[in-house]
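> First, the structure itself, so that you have it in front of you.
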Amino acid sequence: MRKLMLGNEAVARGAWEARVAFGSGYPGTPSTEILEALAEHEEVAVQWAPNEKVGYEVAMGVSLSGHRALVTMKHVGLNVAADPFFSSSYMGVNGGLVVVSADDPGMASSQDEQDNRFLAKAAKVLMVEPCDPEESRWMAREAFALSEQFDSPVLLRMTTRVCHQTGVVKPQEREAWSSRGYLKDIPKNVLLPSHSKARRFKVEERLVRARGLSEASDRWNPILKGSADIGIVTSGVSFGYVREAMPEASILKLGMTYPLPIERIRLFASRVKRLVVIEELEPYIEAEIRNAGIPAVGRELLPFTGELNLPLVEEALLGAPRHKVTVDLGGVPMPTRPPTLCPGCSHRGMFTLFRDMKLRVMGDIGCYTLGALKPLAAMDACMCMGASVGMAEGLEKFGGPKEKGKTIGVIGDSTFFHSGIPGLIDMIVNRSEATLVILDNRWTAMTGGQPHPGTGKDIRGNDAPQLNVAQVCRALGVQRVREVDPFDLEATRVVLEEELAAPEVSVVVAVAPCILGARLKKGEAVQIAIEECDRCGACIRVGCMGIHEKDGFPSVDPDLCTGCRVCAQVCEKGAISLPGVGRA
Ligand SMILES: Cc1ncc(C[n+]2csc(CCOP(=O)(O)OP(=O)(O)O)c2C)c(N)n1
């Protein structure tokens, strides 16, 4: 039987075939669909974690129980989980543990382009890299056995194009595998320095054994014999481009990229006139090859940033591209679709206020990061998940007396549960006077509407325990916690002003569900009394697709407008209203 599957779905399928008992992770493009697909198998326990570190640690506990576990995340998620990732390398596993890192070359939806192959090497964890959905299936499946064979977590390194390509997969029967049972082993599992020193040698021993497999395996690291004029070493999605650009070449396709089979590469190199390495992002493989004294080129032929594609690889190998990446819309230019908050988004009013109140806004990652874009332009910084809280604390402390009461941190609710809480604790105990706004829209909206601890749903949509953001803040010790309706601009402004003026840490929780996540019915569109409009443009500057300028006047698109009335509230002339409700 064959099936069309997304790379991410194929990973879930492979894990299921390997009888994985448990899957965890935190959403993040391009990894999110893996757990969602795994959750379709009722017999597997699947859950979202509040962050990647916790997801990793729960999976590690499952592994200790003797069962197989999968944990998924995007590349920057592995930074969050780096502590258990590095340490678990010393502990090893009981039931197989497979860690998916979905890297994002080209930064389609990420703040950086880090190449996590270096993290596998730094942590001394085995790494495999599929090139398409069928490989994603079988590599995910086999990675569990590898993990047990070498007593190591295995990093399944995906990239955007592998995660999100659809291809033919050959699903197999499930393995006959059952739990190994819990094994108490204190010297192995309690990482006291004295134990770790012994484990350190075990790590090296296992890498020697794993290198042996990597060197010998035609399955993991196949050689495709071709012309002796050129030999290409490649891995992951780049393999597809190489095959298409130069089908006649000899190719060493690396599926296991840590440990690298350096003697296999040396032998391959000795049989060709010229060795070229085609890999996306950093020269990870190439550097190892050159370090081993094997002459090779690669980096100088390729761009140092972004995804590869067929024309780029053709240019590198043939001197000029033979294909172009084009989308033929029959002569019609491709419309641009700049990212923007949805009509009816509960974040828009808050950012309109931030802008109009001229606040210094330390932002965070989520849909609301779009508040940094024009016409709102109401976010001054955004670094990584959870950072808004600490950065607001730091900036407020040293922002200067004239800016007192002007610094605000803004964070989404999923991000608050992910990594905002320790920052808030820091604010409390270090006597910060900054104000934190938590945008409590009840969903992890940015990544497609996954539930989080404040949603009250689990990954399968069943009811789940629900944490209340304001209660959590009060329980931590914040004395000033206020809840507001972010669609009521005036009331929210008053609360913001009061909390910014307070000489102690304060939290404002903006409670309004995500219109998409909560599947809210679109309300009736607002209407404009054009004769009262003085064309000041305030309504356009809320940055909503539902209202735009036409012939010098604002015009409402009734199909998009949800009737949220943010534009109505900024209209000083009172020219915008909901039918039957009267003016704002
Ligand atoms: C460490 C890390 N993990 C995951 C992501 C992907 N990601 C970006 S924002 C976000 C959460 C957004 O949810 P929330 O804070 O509730 O804001 P919303 O999008 O709902 O407005 C996620 C999961 C990331 N950027 N970094």
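> What is the distance in Å between the Cα centroid of region 1-27 and that of region 92-169?
Cα centroid to Cα centroid, the span is 12 Å.
> Work from the charge dipole of the chain (Cβ charges, +1 for Lys and Arg, -1 for Asp and Glu, about the Cα centre) and give the residue of Pro171, Leu213, Thr562 farthest towards its positive end.
Leu213
> Any chance you could list the semi-axes, whole Å, largest first, of the equivalent ellipsoid that the Cα gyration tensor gives for region 162-286, using √(5λ)?
Working from the Cα gyration tensor, I get semi-axes of 35, 21, 14 Å.
> Computed from the mean reciprocal separation of all distinct C-alpha pairs, what Kirkwood hydrodynamic radius does region 80-213 have, in Å?
Working: mean 1/r = 0.0618 Å⁻¹.
With all distinct Cα pairs of region 80-213 included, I get 16.2 Å.
> Among Leu500, Gly23, Leu373, whose Cα sits farthest toward the positive end of the charge dipole of the chain (+1 at Cβ of Lys/Arg, -1 at Cβ of Asp/Glu, about the Cα centre)?
So the residue we want is Gly23.
> To one decimal place, what orientation-averaged projected area in nm² is obtained for the convex hull of the Cα set of the chain?
31.2
> For region 227-281 and region 366-403, what is the centre-to-centre distance using only Cα atoms, to the nearest Å?
45
> How large is the helix-only mean residue ellipticity at 222 nm for the chain, computed as the sum of -39500 (n - 2.57) over DSSP H runs with n ≥ 4, divided by its residue count, in deg cm²/dmol to the nearest 500?
Taken over the chain, the calculation gives -9500 deg cm²/dmol.
> Quick query: amide H of Val507 versus all other amide H atoms, modeled in the peptide plane; which residues come in under 5 Å with a sequence gap of 5 or more or a different chain?
For Val507, the qualifying residues are Leu436, Arg480, Val481, Arg482.
> Let me ask you something else. Taking loop as defined by DSSP and a crowding limit of 11 other beta carbons within 10 Å, which GluC sites (Glu not before Pro) in region 501-584 fit?
Glu572
> To the nearest 0.05, what FRET efficiency results for Ala292 and Leu224 with a Förster distance of 25 Å applied to their C-beta separation?
Numbers: r = 22 Å, r/R0 = 0.86.
Efficiency at R0 = 25 Å is approximately 0.70.
> Ordered by packing density, taken as the mean number of other Cβ atoms within 10 Å over each peptide's residues, highest first, how do 463-475, 267-279, 330-342 rank? Don't jump to the answer; show the numbers that get you there.
Details: 463-475: 15.2, 267-279: 18.5, 330-342: 9.2.
By packing density, highest mean first, the sequence is 267-279, 463-475, 330-342.
> Next up: Where in region 394-470 are there trypsin sites (Lys or Arg not before Pro) that are in a DSSP coil and have at most 16 other Cβ atoms within 10 angstrom of their Cβ?
Those that pass, being in a loop and sparsely packed, are Lys404, Arg431, Arg460.
> Also, quick follow-up: Please compute the Cα-Cα pair-distance distribution of region 223-318 with 5 Å bins starting at 0, giving whole percents from short to long.
3, 15, 29, 28, 19, 6, 0
> Applying 1/(1 + (r/R0)^6) with R0 = 22 Å to the Cβ-Cβ distance of Arg180 and Glu205, what FRET efficiency is obtained, to the nearest 0.05? Don't skip to the answer; put the middle values down first.
Numbers: r = 20 Å, r/R0 = 0.93.
After rounding to 0.05, the efficiency reads 0.60.
> Separate question: How large is the charge dipole for region 446-495, taken about the Cα centre, if only the Cβ atoms of Lys, Arg (+1) and Asp, Glu (-1) carry charge, to the nearest 20 debye?
My answer is approximately 200 debye.
> What is the dipole size for region 348-511, taken about its Cα centre, with +1 at each Lys and Arg Cβ and -1 at each Asp and Glu Cβ, in debye to the nearest 20?
300
> Now for a different question. Along the charge dipole of region 3-216, which of Ile34, Leu78, Met60 sits closest to the positive end, that is, farthest toward it, with unit charges on the beta carbon of Lys, Arg, Asp and Glu (+1, +1, -1, -1)?
Sorting the options by dipole projection puts first Met60.
> With r defined as the distance between the Cβ atoms of His548 and Asn468 and R0 fixed at 41 Å, what FRET efficiency is calculated, to the nearest 0.05?
0.60
> Still on this structure, I have one more. Please give the Cα centre distance for region 287-348 versus region 404-453, rounded to the nearest Å.
35
> Given the convex hull over the Cα atoms of region 527-583, what projected area results after averaging over all orientations, in nm²?
Over all viewing directions, region 527-583 projects a mean Cα-hull area of 3.5 nm².
The numbers here are math on the coordinates, done by the rules we state, and not lab data. Here the structure is a predicted model, which is why all the values come from computation and not from measurement. Because the Cβ atoms are built from the backbone with ideal geometry, glycine has one as well, and the counts that use them run over all protein chains shown.
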